[in-house]
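The values are calculated or read from the model by the stated rules, or taken from the named source; none is laboratory data. If you're wondering where the values come from, they're calculated on a predicted model, not measured in any experiment. So basically every Cβ, Gly included, is an ideal-geometry build from the backbone, and we count neighbours across all protein chains shown. With ligands, DNA and RNA removed, areas are computed over all heavy atoms of the protein, side chains included. Shrake-Rupley method; radii C 1.70, N 1.55, O 1.52, S 1.80 Å.
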Amino acid sequence: MSNNNKCSDNGGGLELKLHSPAGVQPFVFSWPLSSSGSDKSDGACDIVETIRWVCEDIPELKVALEVNVLFDYDTRSYESMKQLCDRYNRAIDSILQLEKGTSLPAARLNNRPTRGMLKHILTQIYNQAVEDPEKLNQYEPFSPEVYGETSYELICQVIDQIHITEDDSFIDLGSGVGQVVLQMAAATMCKRCYGIEKADTPHRYSETMVKQYNRWLAWYGKKHGEYKLVQGDFLQKQHREWITSSTIVFVNNFAFGPNVDHMLKEVFADLKDGARVISSKSFCPLNFRITDRNLSDIGTIMHVSELTPLSGSVSWTGKPVSYYLHIIDRTKLERYFLRVKNPKLRQAEENAAAAAALAAAAVGGTGIATRRGRTRQANNHQNNNNNNN
């Protein structure tokens, strides 16, 4: 679906309407539906999928529409598509009429969209907004303008693996066309979600993304949290407070140069304890250990772990790409200095670690010995049976 497929006055030409399940202004699509866009998406298929997601949200509507409406249509025929839309509109209008004066609208409206619905919305508005995806690849290598998109599924994985509450605030450094920020705003309880993008083209596309995002969520009757997408260099001082006040920082730094990564580390040094940084390239080694030679390294105040790699998690390759979770913890450095000042404490910790390792080995050995004992008993039992026979 392209920008032509939106609510507008097309001067009396052919059009298709979809009534809102929330009772707001309908979407109007000009015919013929364009098949241009970022992935040559079919506008007619988008309409059908939109109707299906309304069905998923209203179970009593699903059976009737799937049996009587969504079984016979021709996406190339205006008459067929108009008949499909008219049948849907009559059905949804009837539902809204029956729901008047009941608690049913409150139960399904003004809540968060399901993951499937949100993915459909974000894919749809991306296809509407990004007219020429090739323009997104025009950037200066190894700079903050390096462009690469993160998949919807990867962000779902991040959401599942970190505990997000209404006290959290999210920021995407190099937010591109804004899809990660928009996903986080609708899918999580974050009190605010910010995105900063330096390049002109992605930011311009993000402005269209925002307009369509707001309209489609309102059309479905779904809510989202506070969000903001701005154009600028996230390394500039005016954005530093946004970053350091955030509790979740996302940065797709896979293609950033060492200078950019170094400047980001300096910013991350001011993050609050407990803040989490998710990146496509780790800011310190997974096996980082504090010594007197690396006390100024960012690794002294953060724990880093690798998220399970996902295939198709980024736009530049279909192969699994690792993302890394960093958690700010300044007590890590404090504990190091305590051990340095108190050799007995250091020795006690080393003894405790050694004891734990021995205990683990003993448990494993007991299991092996037990299995061996059972095997010997079984063999002896079999030999006795053979002798008796």
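The set of residues in the stretch 101-114 that are within 26 Å of the chain's Cα centre (by Cα) and in a helix (DSSP H, G or I) comprises ALA107, ARG108. Residues of the stretch 121-128 include at least one that is in the same structural domain as THR208 (by the TED database), at pLDDT below 90, open to solvent by less than 40 Å² (accessible area, probe 1.4 Å) and not hydroxyl-bearing (Ser, Thr, Tyr). Restricting the stretch 77-100 to residues that are of a type in the set (A, V, I, L, M) and more than 14 Å from ARG52 (Cβ to Cβ), the residue that is farthest from the chain's Cα centre (by Cα) is LEU98.
Can CYS45 be described as under 26 Å from ASN214 (Cβ atoms), part of a helix (DSSP H, G or I), under 29 Å from the mean Cα position of the chain (by Cα) and modelled with pLDDT under 90? Yes, satisfied. Comparison of ARG293, ARG330 shows that the only residue that is open to solvent by 90 Å² or more (accessible area, probe 1.4 Å), at pLDDT 65 or above and under 28 Å from ARG276 (Cα atoms) is ARG293. Please tell me if LEU84 is open to solvent by less than 20 Å² (accessible area, probe 1.4 Å) and either at pLDDT below 85 or polar (S, T, N, Q) (or both). Judged against the criteria, LEU84 is not a match.
Of the set (1) under 21 Å from ILE162 (Cα atoms); (2) touching a Lys or Arg at 6+ places or on another chain (Cβ under 7 Å), all apply to LYS222 but (1).
Considering each residue of the stretch 68-76 in turn, at least one proves to be of a type in the set (D, E, K, R) and either under 33 Å from the mean Cα position of the chain (by Cα) or more than 15 Å from GLU49 (Cα to Cα) (or both). Can GLU266 be described as open to solvent by 30 Å² or more (accessible area, probe 1.4 Å), out of contact with any Leu (no Cβ under 6 Å at 6 or more places or on another chain), at pLDDT 95 or above and under 30 Å from TRP53 (Cα atoms)? No; evaluated as a whole, the condition is false for this residue. Scanning the stretch 273-304 for residues that are part of a loop (DSSP other than H, G, I, E, B) and closer than 24 Å to THR150 by Cβ returns GLY274, ALA275, SER280, LYS281, SER282, PHE283, CYS284, PRO285, LEU286.
Out of all the residues in the stretch 225-248, which are within 22 Å of the chain's Cα centre (by Cα) and either open to solvent by 70 Å² or more (accessible area, probe 1.4 Å) or basic (Lys, Arg) (or both)?
Once the filter is applied, which keeps residues that are within 22 Å of the chain's Cα centre (by Cα) and either open to solvent by 70 Å² or more (accessible area, probe 1.4 Å) or basic (Lys, Arg) (or both), the stretch 225-248 yields GLU226, LYS228, GLN231.
Could you please let me know if ASN287 is open to solvent by 80 Å² or more (accessible area, probe 1.4 Å) and either modelled with pLDDT of 95 or more or of a type outside the set (Lys, Arg) (or both)? Taking the combined requirement at face value, the residue satisfies it.
This table checks each residue for (1) out of contact with any helix residue (DSSP H, G or I) (no Cβ under 7 Å at 6 or more places or on another chain); (2) surrounded by 20 or more Cβ atoms within 10 Å (Cβ to Cβ); (3) free of Cβ contacts under 8 Å to residues at least 12 places away in the same chain.
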| site | (1), (2), (3) |
| --- | --- |
| THR188 | no, yes, no |
| LYS191 | yes, no, no |
| PRO202 | no, yes, no |
| TRP219 | yes, yes, no |
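Restricting to the stretch 264-295, give me the number of residues that are of a type in the set (Phe, Trp, Tyr) and touching a residue at least 40 places away in the same chain (Cβ under 8 Å). Summing the residues that are of a type in the set (Phe, Trp, Tyr) and touching a residue at least 40 places away in the same chain (Cβ under 8 Å) in the stretch 264-295 gives 2.
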